[in-house]
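Colleague: Could you have a look at this structure, given as structure tokens, before my questions?
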Amino acid sequence: MHCMNNKNKDPVVVSGEETKRLDSVLLLVNTAMLSHVGLYSGGTNAPIGGNVKKTSGALLGKTRKRILAALEKKDGSEVLSELCDFDVVLAIDALIGKEESEKLCLLVRKYARGQKKGTVINEQLKLTLRSVLGE
């Protein structure tokens with residue numbers, strides 16, 4: 001049996017234990033994910049039914065409205081909190097250009113990793129989001 005362990009930069013949880021080594025064979029097997037808690041899981045704000053349509057991956061109407069409402073608030077942290085969900089970022093990525101997507105992902109990554117102060121969405125990116133989310 002061939003076992004190839006990969007060293008990861010960030011720890012992962014396998015069978016309830018944290019590790020930085022991962023057997024690459026595990027990555028070849030379809031594995032059901034029962035639950036996910038992490039930087040990009042939507043945190044405690046994530047709705048039970050999710051933020052995207054299960055069939056297409058498109059944003060739900062209520063998710064669009066929540067993000068648009070958060071964009072209107074002076075404190076940009078609420079919109080970044082809404083965007084700290086991998087499904088949401090993936091759905092928005094399909095709607096915006098590569099450059100805007102890279103900027104958005106950089107902001108979300110900084111915010112999700114705890115760099116909340118000073119992490120703000122500029123007006124151009126806000127305008128882009130309003131445009132594609134239907135305002």
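The values are calculated or read from the model by the stated rules, or taken from the named source; none is laboratory data. Source: prediction; values computed, not measured. So basically every Cβ, Gly included, is an ideal-geometry build from the backbone, and we count neighbours across all protein chains shown. Surface areas here come from the heavy atoms of the whole protein model, side chains and all, with no ligands, DNA or RNA. Shrake-Rupley method; radii C 1.70, N 1.55, O 1.52, S 1.80 Å.
Colleague: Quick one: length gained pulling Ala69 to Val120 fully straight, 0.36 nm per residue minus the C-alpha distance?
Modeller: Stretched fully, the Ala69-Val120 segment lengthens by 16.8 nm.
Colleague: For the residue pair Leu95 and Lys9, what label-to-label distance in nm results when each label sits 7 Å from Cα along the Cα-to-beta-carbon direction?
Modeller: 2.9
Colleague: Here's a follow-up. Using heavy-atom solvent-accessible surface (probe 1.4 Å) with all chains present, what is the largest-first order of Lys74, Lys126, Lys116?
Modeller: Values: Lys74 200, Lys126 25, Lys116 100 Å².
Sorted by accessible area, descending: Lys74, Lys116, Lys126.
Colleague: May I pose another question? Checking the table Lys62/Lys117; Lys74/Lys126; Lys9/Lys117; Lys74/Lys117; Lys73/Lys117; Lys7/Lys98 against a 18 Å threshold on Cα-Cα, which pairs fail?
Modeller: Numbers: Lys62/Lys117 27 Å; Lys74/Lys126 12 Å; Lys9/Lys117 25 Å; Lys74/Lys117 14 Å; Lys73/Lys117 16 Å; Lys7/Lys98 30 Å.
The answer is Lys62/Lys117; Lys9/Lys117; Lys7/Lys98.
Colleague: Still on this structure, I have one more. Considering amide H positions built from the backbone, and no H for Pro or chain starts, which residues 5 or more places from Asp23, or on another chain, come under 5 Å of its amide H?
Modeller: Asn6
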